[in-house]
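Report on the structure given below.
What follows draws every value from the coordinates through simple rules; no lab data is involved. Because the structure is predicted, anything quoted here is derived from the model rather than measured. A quick note on method: Cβ atoms are made from the backbone with ideal geometry, for glycine too, and the neighbour counts reach across all protein chains shown.
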Amino acid sequence: MEDFETRTASQAAFYELEEALRWYRRRADLDRPGARWTLREVLRARLVMLAPFAPFLANELHESLTGEPAEDAAWPTPDPDLESPRVEAEEELVRSLLDDVREVVDVTGTDPAAISVYVAADWKRDVLDAVVEVDGDQGAAMGRLMEDEAMRERGNAVSDLVGDLATFVRAQPDGRVETLRSVDELDVYGDAADVLAREFDADVEVYAAGEGPDPEGKAERAVPFRPAIHLE
């Protein structure tokens with residue numbers, strides 16, 4: 001708004017926020033008092049943000065909700081105490097997994113009765129750590145990793161993964177990779193298994209690489225922040 005980018009501002013307040021709310025409704029237990037407070041607070045803030053574009057409707061609705069017209073309310077500001085980059089990163093991982101499963105279902109034309117999700121093996125996380133420590137420098141990362149005999153034995157698999165992860169790391173904004181590294185993917189996907197189950201009406205299991213049934217060897221394809229998927 002300060003830059004007079006009114007079209008962008010209105011799209012953010014209406015469309016982008018609606019997309020975030022749609023995801024929240026899919027993930028949250030809406031009967032919880034905290035969820036009800038969240039939805040009310042978001043609606044209040046949204047009406048204030050929409051007031052410059054639809055003043056009569058926004059004022060009427062805001063007054064019905066809070067007792068004062070939107071034009072008299074303070075402009076919404078973020079509350080630092082409610083911000084959590086880690087929670088946001090976890091939710092993005094869940095959304096990405098949901099999209100990946102949807103893509104596999106669409107491409108294969110299947111209606112799975114069971115979905116298996118495999119998290120990347122520990123050695124792949126070690127590769128990620130090496131790449132991060134040298135700020136995405138592939139040569140430096142390979143130099144460090146090849147000092148480890150177990151990594152040397154993996155040969156081309158390590159080299160390929162270093163390339164993929166170096167590209168990924170360099171593309172991330174400041175602090176993003178460190179936030180992702182603090183996430184336990186196994187826990188995140190395990191907690192979100194019920195979302196997948198509802199979306200696809202299927203039984204869902206989440207495994208660490210090397211654990212659980214893996215008839216087609218899909219677990220080998222898992223990399224950090226991009227789990228492997230098997231449909232039955």
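Whole-Hz Karplus values for the range 82-90 come out as 9, 7, 8, x, 5, 4, 4, 5, 4 Hz, taken residue by residue from phi with 6.51 cos²θ - 1.76 cosθ + 1.60 and θ = phi - 60°; glycine and proline positions read x. The ranking of Ile115, Ile229 by Cβ neighbour count inside 10 Å, starting from the fewest, reads Ile229, Ile115. State the Cα centre-to-centre distance between the range 1-36 and the range 190-212 in whole Å. Answer, in whole Å: 27.
In terms of its C-alpha gyration tensor, the range 1-73 has an oblate overall shape, because the principal axis ratio a/c (a ≥ b ≥ c, square roots of the eigenvalues) is not below 1.5 and a/b does not outweigh b/c. Rounded to whole Å, give me the distance from the Cα center of the range 55-98 to that of the range 127-163. The distance from the Cα centre of the range 55-98 to that of the range 127-163 comes to 43 Å.
Using R0 = 25 Å, the C-beta based FRET efficiency linking Glu103 and Tyr15 works out to 0.65.
Name the shape class, rounded, prolate or oblate, that the alpha-carbon gyration tensor gives for the range 80-201, where a ≥ b ≥ c are the square roots of its eigenvalues, rounded holds for a/c under 1.5, and otherwise prolate holds if a/b is larger than b/c and oblate otherwise. Oblate, since a/c reaches 1.5 and b/c is not below a/b. Protection proxy ranking for 217-226, 198-207, 144-153, using the average of other Cβ atoms within 10 Å per residue and placing the highest first: 217-226, 198-207, 144-153. The simple Förster model, with R0 at 22 Å and r as the Cβ-Cβ distance, assigns Gln138 and Glu92 a FRET efficiency of 0.30.
Report note on the peptides 88-95, 162-169: ranked by the mean count of other C-beta atoms within 10 Å, highest first, their order is 162-169, 88-95.
Computed from point charges on the beta carbon alone (+1 for Lys and Arg, -1 for Asp and Glu), the dipole magnitude for the range 1-146 about its Cα centre is near 520 Debye.
Between the amide H of Val204 and those of Ile115, distances stay under 5 Å, these residues lying 5 or more places away or on another chain, with hydrogens modeled in the peptide plane. Residue by residue, the range 28-43 carries 3J(HN,Hα) couplings of 9, 7, 6, 7, 5, x, x, 5, 5, 4, 4, 5, 5, 5, 5, 4 Hz when phi is fed to the Karplus relation 6.51 cos²θ - 1.76 cosθ + 1.60 (θ = phi - 60°); x denotes Gly or Pro.
If you wrap the Cα atoms of the chain in a convex hull and average its projected area over all directions, you get 16.6 nm².
Answer rounded, prolate or oblate for the range 16-127, using the Cα gyration tensor with square roots of eigenvalues a ≥ b ≥ c: rounded when a/c is under 1.5, else prolate when a/b is larger than b/c, else oblate. The shape class here is prolate. Packing here is the average count of other Cβ atoms within 10 Å per residue, and on that basis the peptides 62-74, 122-134, highest first, run 122-134, 62-74. Among beta bridges identified by DSSP and lying wholly in the range 85-231, the antiparallel ones come to about 45 percent. A simple rule links phi to the HN-Hα coupling: the Karplus curve 6.51 cos²θ - 1.76 cosθ + 1.60 with θ = phi - 60°, which for the range 146-151 gives 6, 6, 9, 4, 5, 6 Hz, with x for Gly and Pro.
Which one, Arg32, Arg46, Arg181, has the greatest fluctuation when you compute a Gaussian network model over the chain with C-alpha springs under 10 angstrom? In this elastic network of the chain, the residue with the biggest mean-square fluctuation among Arg32, Arg46, Arg181 is Arg32. Taking a quarter of the surface of the Cα convex hull of the range 154-212 gives a mean projected area of 5.9 nm².
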